[in-house]
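One structure below.
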Amino acid sequence: MVLHLVPRWSASLFRASPRWKKTYSQRASAQLKWLGCPRSVYSPLACRAYSKVSGSPEVMLTPERYPVQRLPFSTVSEEDLAAFECIIPGRVITDPEQLQTCNVDWLRTVRGCSKVLLRPQTSEEVSQILRHCYKRNLAVNPQGGNTGMVGGSVPVFDEVILSTALMNQVISFHDVSGILVCQAGCVLEELSRYVQERDFIMPLDLGAKGSCHIGGNVATNAGGLRFLRYGSLRGTVLGLEVVLADGTILNCLTSLRKDNTGYDLKQMFIGSEGTLGVITAVSIVCPPRPKAVNVAFLGCPGFTEVLQTFRTCKGQLGEILSAFEFMDAECMQLVGQHLHLTNPVQESPFYVLVETSGSSAGHDAEKLTNVLEQVLNSGLVIDGTMATDQRKVQMLWALRERITEALSRDGYVFKYDLSLPVERLYDLVIDLRTRLGPRAKHVVGYGHLGDGNLHLNVTAEAFSQELLGALEPYVYAWTAEQRGSVSAEHGLGFKKKNVLGYSKPPVAVKLMQQLKAMLDPKGILNPYKTLPARA
């Protein structure tokens with residue numbers, strides 16, 4: 001059992017032969033191992049490009065794969081296009097080639113047939129567009145970075161695509177409170193760079209940070225990699241500006257940490273997936289940038305040991321524990337097979353990534369090292385690598401963040417994002433491997449153990465109705481039996497709208513439908529998404 005420190009890196013991404021210089025072990029023997037990967041090689045889901053590989057087969061239209069009927073909305077006319085051109089001159093896109101990307105989700109599982117893409121720059125332009133669409137009964141599909149996992153960000157039929165891509169300006173930042181106010185189309189990674197230059201960080205971090213928009217993050221209530229430390233967007237978002245279906249601008253863009261006046265309206269729109277209004281600006285509180293970040297990548301002999309390692313880390317690292325991620329051996333196999341990343345530790349049934357962040361480099365490193373020596377000596381961990389340099393830390397994170405990319409290169413992916421009691425988190429993966437047998441190429445489990453969030457993925461050579469029938473509703477029923485949630489952080493979108501009842505009682509679903517009818521009586525905002533169709 002050994003724990004390796006990572007002092008420097010080679011010029012390729014985990015491809016260099018490992019070298020040894022110093023190791024923590026049960027006998028504290030002196031060896032050392034280093035791995036390599038420059039930041040330039042790994043850009044968070046630059047990898048999104050793989051969903052648009054040249055020569056890949058065309059994605060089937062959504063209504064051809066799923067049983068869905070178009071609602072009686074109007075179709076876009078030449079007069080509508082002229083009206084849009086008056087509102088946003090030069091930013092009305094009708095070119096089929098440009099529309100192709102916006103009609104298909106990045107996973108290449110659903111495809112709409114919208115004929116027009118609108119690119120407003122201001123909330124007032126969004127208001128005018130929605131006012132026109134509401135009057136004409138034109139359905140609208142709000143779209144940010146189009147990085148969603150459940151088909152919520154692309155049209156189902158011919159909805160008007162309303163893109164926030166040009167709404168990408170920072171409005172203000174307060175360097176004492178850390179409160180950032182920005183437009184909804186700001187890319188998360190660019191916001192991260194902006195606040196890091198001012199010694200703060202964004203309270204959320206996602207594998208798709210290079211593409212996703214902050215407005216989309218809020219609209220889906222994205223969780224991500226920093227949830228364990230900084231919590232949900234429901235706590236860090238202070239205010240929103242939202243344009244309602246009829247074009248009314250709701251300005252609740254407060255920067256106050258405390259405001260106990262009336263109903264907290266912003267909470268209705270966080271996680272509403274664009275069905276209640278279009279988020280156009282966000283006020284969010286950013287925590288101070290940690291002075292020291294350490295990451296350990298560990299191999300565990302079983303899931304019981306993963307849980308015990310989490311318990312030890314949570315108890316002894318306390319406030320500096322910022323992430324605890326796990327992945328199984330099949331995830332590591334796929335990352336190596338499709339992305340050519342090398343496993344930095346001894347082959348193990350499970351792998352754990354532990355991150356600490358705090359204000360004292362020496363104190364935090366010593367604290368983490370003591371914990372790791374304890375889990376090594378107790379047999380909870382077989383092998384491990386530890387990094388303290390920011391660039392090296394990012395490279396260890398690449399092994400976890402790029403699992404989604406590796407899975408998508410393995411074939412068609414059936415994806416499930418579940419909240420479960422941590423002690424049952426991996427049981428469903430084992431169950432499905434037995435249930436599916438050779439019908440599935442791979443059944444893998446990974447995710448945010450610290451949040452009780454399992455990302456369950458099943459790959460196959462191609463979409464299979466038989467395989468889907470074996471998975472659903474079995475996965476949802478199994479989750480409901482554990483009193484879990486069928487969507488931990490990805491939302492419901494189009495693909496999961498009809499399984500809401502597995503996690504919410506009928507009274508709650510009915511109340512949601514009534515709220516939708518009140519704010520969007522014509523149902524033009526992101527139709528066919530989030531809520532089950534009424535009988």
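For the chain, with every protein chain kept in place, what is the accessible area per residue (1.4 Å probe, Å²)?
Per residue, the chain has an accessible area of 41 Å².
Are there any trypsin sites (Lys or Arg not before Pro) in region 478-531 that are in a DSSP loop and have at most 16 other Cβ atoms within 10 Å? List them by number.
Here the trypsin sites (Lys or Arg not before Pro) that fit, given the DSSP loop and packing criteria, are ARG483.
Give the relative contact order (percent, whole number) for the chain; include only Cα pairs under 8 Å separated by 6+ residues.
Reported as a whole number, the value is 16 percent.
How much length, in nm to one decimal, is gained on full extension between ARG91 and GLN514, taken as 0.36 nm per residue of separation minus their Cα-Cα distance?
Once the chain is fully extended between ARG91 and GLN514, it gains 148.8 nm.
Stretched out fully, how many nm does the piece from ARG435 to ASP175 gain, at 0.36 nm a residue minus the Cα gap?
Extra length available between ARG435 and ASP175 comes to 88.2 nm.
Pop the C-beta distance of LEU81 and HIS340 into the FRET formula with R0 = 45 Å and round what comes out to the nearest 0.05.
0.45
List the GluC sites (Glu not before Pro) within region 414-509 that fall in a DSSP loop (any state other than H, G, I, E or B) and whose Cβ has at most 15 other Cβ atoms within 10 Å.
GLU461
Find me the longest stretch of the chain that has none of the exposed chymotrypsin sites (Phe, Trp or Tyr not before Pro), where exposed means in a DSSP loop (not H, G, I, E or B) with at most 16 other Cβ atoms within 10 Å.
Looking at the chain, 21-262 is the longest stretch - no exposed chymotrypsin sites (Phe, Trp or Tyr not before Pro) with at most 16 other Cβ atoms within 10 Å.
If R₀ is 60 angstrom, what is the calculated FRET efficiency for the pair ASP199 and ARG424, using the beta carbon separation as r and rounding to 0.05?
0.90
Taking Rh as the Kirkwood radius, which is the inverse of the mean 1/r over Cα pairs, what is the Rg/Rh value for region 411-502?
My calculation of the ratio gives 0.93.
If you roll a 1.4 Å probe over the chain with all protein chains in place, what percent of the accessible area is carbon or sulfur?
52 percent
Run the quick spin-label model on ALA361 and GLN333: label points 7 Å from Cα toward the beta carbon, then report their separation in nm to one decimal.
4.0 nm
Out of the DSSP beta bridges found with both residues in region 399-535, what percent are antiparallel (nearest 5)?
95 percent
About the Cα centre of region 398-535, what is the dipole size in debye to 20, counting +1 per Lys and Arg Cβ and -1 per Asp and Glu Cβ, all else neutral?
Result for region 398-535 is approximately 500 debye, rounded to the nearest 20.
At 7 Å along Cα-to-Cβ for each site, give me the label-to-label distance between CYS113 and GLN98 in nm.
2.2 nm
Give, in nm to one decimal, the length gained when the segment between ASN377 and THR248 is fully stretched (0.36 nm per residue of separation minus the Cα-Cα distance).
Stretched out fully, the ASN377 to THR248 stretch lengthens by 40.2 nm.
Less than 14 Å Cβ to Cβ from GLY112, Lys/Arg counted +1 and Asp/Glu -1: what total charge do the surrounding residues give?
+2
Can you pick out the pairs among LYS495/LYS516; LYS266/LYS496; LYS314/LYS367; LYS209/LYS314; LYS209/LYS516 whose Cα atoms lie more than 22 Å from each other?
LYS266/LYS496; LYS209/LYS314; LYS209/LYS516
The values are calculated or read from the model by the stated rules, or taken from the named source; none is laboratory data. This structure is a prediction, so every number in the text was calculated from the model and none was measured. Ideal geometry is used to build each Cβ from the backbone, glycine not excepted, and the neighbour counts take in all protein chains shown. These area figures cover heavy atoms from the full protein model, side chains too; ligands, DNA and RNA do not enter into them. Shrake-Rupley method; radii C 1.70, N 1.55, O 1.52, S 1.80 Å.
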